[in-house]
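The values are calculated or read from the model by the stated rules, or taken from the named source; none is laboratory data. Just so it is clear, the model here is predicted, and its values are computed rather than measured. Heads up, the Cβs are rebuilt from the backbone with ideal geometry, glycines too, and the neighbour counts pull from every protein chain shown. Ligands, DNA and RNA are excluded from the accessible area calculation, which covers all protein heavy atoms including side chains. Shrake-Rupley method; radii C 1.70, N 1.55, O 1.52, S 1.80 Å.
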Amino acid sequence: MNTHLSLTKNIAKIGLLLLCAVIASCNTLKRVEEQELLLTKNSIYADGEKITNEEVRSLIVQKPNSTLLGYPLRLNLYNLAKKDPDSSYQDWLHKKEKREQRLINWLSKKQVDRFGQSFMVKGYSEWLKNIGEPPSVIDTSRTRKSSERLEAYYGSKGYFNNKTTYAIIPRKRKQRAQIDYIINLGKPYIVDSITKKISSKAIDSIYSIHTEGSFVKSGQQFDLSDFDNERKRLTTLFRNTGIYNFQESSITYSIQRDTTETNDNQKMVVELNVEDFKTRNENTLTSSEYNVHTFDKINIYSDYFFDQNGDSLQSVEYENYTIYYNDQLRYKPKALTNAIFMEKDSVYRDLDRLHTYRQISNLNTFKYPNIDFTQDSTQTKLTANIYLAARPKYSLETNFDFTHSDIQRLGIAFSSSLITRNIFGGAETLSLSARGSFGLLSVSDNSLSEDFFSEIGGDVNLSFPRIWMPLFNTEKIIPYYMLPQTRMTIGTSFQKNIGLDKQTFNNILGYNWSPNEFKKNTFELLNLQFVRNLNFNRFFNVYENSYDRLDAIANEFDDANSFPEHANLFNNDTDPRLIIPSGTNDFIDQVLNRDIVPSDPDDFNEVRSIDERKERLTEDNLIFSSNYTFSKNNKNGINDNDFYQFRFKVESAGNLLSSISHLINFKQNDNNQLLIFDVAYSQYIKTEVDYIKHWDLTGSNVIAFKSFFGIAIPYGNSNSIPFTRSYFAGGSNDNRAWHPYSLGPGRTQDVNDFNEANLKLALNLEYRFPIAGNIKGALFADAGNIWNVLDNVDDEEATFNGFSSLGDIALGTGFGLRYDFTYFVIRLDTGFKTYNPAEEASKRWFSQYKFSKAVVNIGINYPF
């Protein structure tokens, strides 16, 4: 087996070396003619200052070939392709007089022709051209176009008299050159006086009140973008102050040079023109004055069909809204009107229209709504018609998947959800879901009667498009435009032959609301989780590291001749080991009761630590918590690569039960912990801060940064944090140089099978760049660790003891390959332990920086 792995690694290394040799041998100038120059660099200088602004640099039409760490990979891939594969094939075919005929006799004429079109002959060249890029040969016509664009850009910034030239500068290397664009800006023009010419009295009145926020101001340098921004500001202003039909094209500017002073005067006179509303009927163009519109009538069509006859509809009046329906109204009127932000006699606001669209979609009951407006003969009153088409009352979703992991040789997972919309008539949504997985275990376990695992579970979820909080009116604090929702969830799951075979029960009452598309608030008033371990006697079968440590301590007592009184603790093998669970449990009890005294005094503390961890991980958990999460980002669409994300969460558990304990006498266990249904409830405070920032560099290059800090402090009824609420380090989305749960706590060396703690600090930095086509690359550095703090762990190597513990921060670096499928990304990241705090001081840096010690991670989508 080892020989096979070694041979496989050697073949992979040889293949990689051959590939590198082929690419390195490529002639970069292969497709560059003798009289041509390969463009290597563009530089822009404005009044002698080098310009690095990406907005300006993007105006250059011709760019140099992209590079990977300074190497023109895509250019050389392109050069590997045959220039004319058809011609090359024909030359090869007829190079020998009888070659073509022999092939035809052996195959057939048709197959010989097909071979000429195959991937081996033609296809691979086309593929190399697609993922590569042709040489960027300097084209002076494109260079002149770039100069014109730069001149126009700086002209739009007020430098009307700027002069742009360029210089082609040969480089030392053969047939290579760079282009310098040189801009003499001159003196900028300044906005002097600003006047207005507005046809509509209503528009003139609104404008006069809102001049303070203008982008165009007297005395500032002329900038065409200011005029564009001002046009957008005024359009938004007018459409939100009653001018429902305002056209942005009605706004124009008259800009002239001030001729009242000397000839070298650099001042501009600006006149704002707002024309009347214009309509075109056939060949006639008519205009009418803009007016402020108020709503005269608001109609809601709750059962709308495209070809529906309106005369057959019934209607009901509710709070100045008219609701039309077929046969029977299936929705509570208040549920519909709460989603409408336009009111009778109110002034039209475009913002109200957008809020209405968002809230109707938030109901999850209707398809995307259609809203139109008609005005009366006075052109001051509006009728709003809101057409709602219902989504299906019921929908069923089913998914199947195959799974594989370290403990699952082969598994089949399924999930199914039945969704019922508008279940109570108030746009509520009920979801009944079931899930499960079944399969074969990867490793045979003698403690199990079968090599078969299963996990099944189900959830009932009920959501309301409003904040449901009896006795409290939250509409003023959280209005409907914030898309409020209430979620009630009850769920359970059962495991068999997975770990300790947990049975869980969850109950959540939560609320979420979003003031805008960039901010979200989530408040879980109640998050109840009960975890029951059904097979706790399998602890030492599951947590093998703990068993090995305990068995190593027991080795000095496994000789039946010397210690016959302890023979029942061990099996009868030639290499006796503790029997699970009777032998392990009895040995722990006897050590802690001093019936067995190990020769090494530290072994007593080790056994006690193992016992404490066993008790903690096998005990049932009752978590009765509340939490609040705030998240904010400024990302505009999935293609935005320059944004930030911020998340803050605080969680408190056990405080309500602790308060009730003063009124009700709860039972207590031997550790003086209060019990609910014979289970000690958890009590802790937990907080997390998460920040992500992306910087968009040139040419699809991105720098991504993530920082995370989390701490959970037990108190009162608890001296440790439940496993499900603790932190771990390592894995494909954390420190990629370590496997999940294998890093920390502190500078301990992989003590347990699943290492976790209650304090975590993580910092991640990644540089992402294109390689070829949809193949992307990345270089990354991951730093961080986990520690125990203010809990029952007293191991100095595992606990956080102030700033000195920051020396335990582990560092992993590496590289990654990703393939972008547009809708998702598959990535392969290889991490190297660069600084390992678990090693002795002299070996912490780079001692494990080798491929044999590397960790390979496979993931879906980017880690952050």
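Some values worked out for this structure:
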| quantity | calculated |
| --- | --- |
| Average Cα contact separation per residue, the range 610-687, under 8 Å, 6 or more apart, as relative contact order % | 34 |
| Fraction of antiparallel bridges per DSSP, the chain only, in percent to nearest 5 | 90 |
| Helical contribution to [θ] at 222 nm, DSSP H n ≥ 4, -39,500 (n - 2.57), averaged over the chain, rounded to 500 | -6000 deg cm²/dmol |
| Options (1) 37.5, 132; (2) 31.2, 117; (3) 36.2, 117 - which one matches Rg and Dmax of the Cα atoms in Å as calculated here | (3) |
| Greater than 19 Å apart at Cα, pairs in Lys614/Lys686; Lys706/Lys760; Lys163/Lys187; Lys163/Lys232 | Lys614/Lys686; Lys163/Lys232 |
| Set Lys50/Lys145; Lys157/Lys693; Lys334/Lys519 screened for pairs whose C-alpha atoms are more than 23 Å apart | Lys157/Lys693; Lys334/Lys519 |
| Under 22 Å from the Cα of Lys332 - lysines, other chains or at least 8 residues apart | Lys297, Lys344, Lys367, Lys393, Lys476 |
| Shape category assigned to the range 666-765 from the gyration tensor of Cα positions, a/c cut at 1.5 | prolate |
| Relative contact order (percent, whole number), the chain, Cα cutoff 8 Å, 6+ residue spacing | 5 |
| Carbon and sulfur %, accessible surface of the chain computed with the full protein complex present, 1.4 Å | 53 |
| The range 41-85: relative contact order in percent, alpha carbon pairs under 8 Å with at least 6 residues between | 23 |
| Packing-based ranking, highest mean first, of 591-602, 646-657 given that Cβ atoms within 10 Å are counted | 646-657, 591-602 |
| Rounded if a/c under 1.5, otherwise prolate or oblate - the range 583-687, Cα gyration tensor axes | oblate |
| Highest to lowest packing among 545-552, 210-217, scored as the average C-beta count within 10 Å | 545-552, 210-217 |
| Accessible area expressed per residue, the chain, with surrounding protein chains retained (probe 1.4 Å, Å²) | 55 |
| Highest-first arrangement of 529-537, 736-744, 785-793, where packing means the average Cβ count within 10 Å | 736-744, 785-793, 529-537 |
| Listed residues Phe708, Phe227, Phe472, Phe494 arranged by accessible area, highest first, probe 1.4 Å | Phe472, Phe494, Phe708, Phe227 |
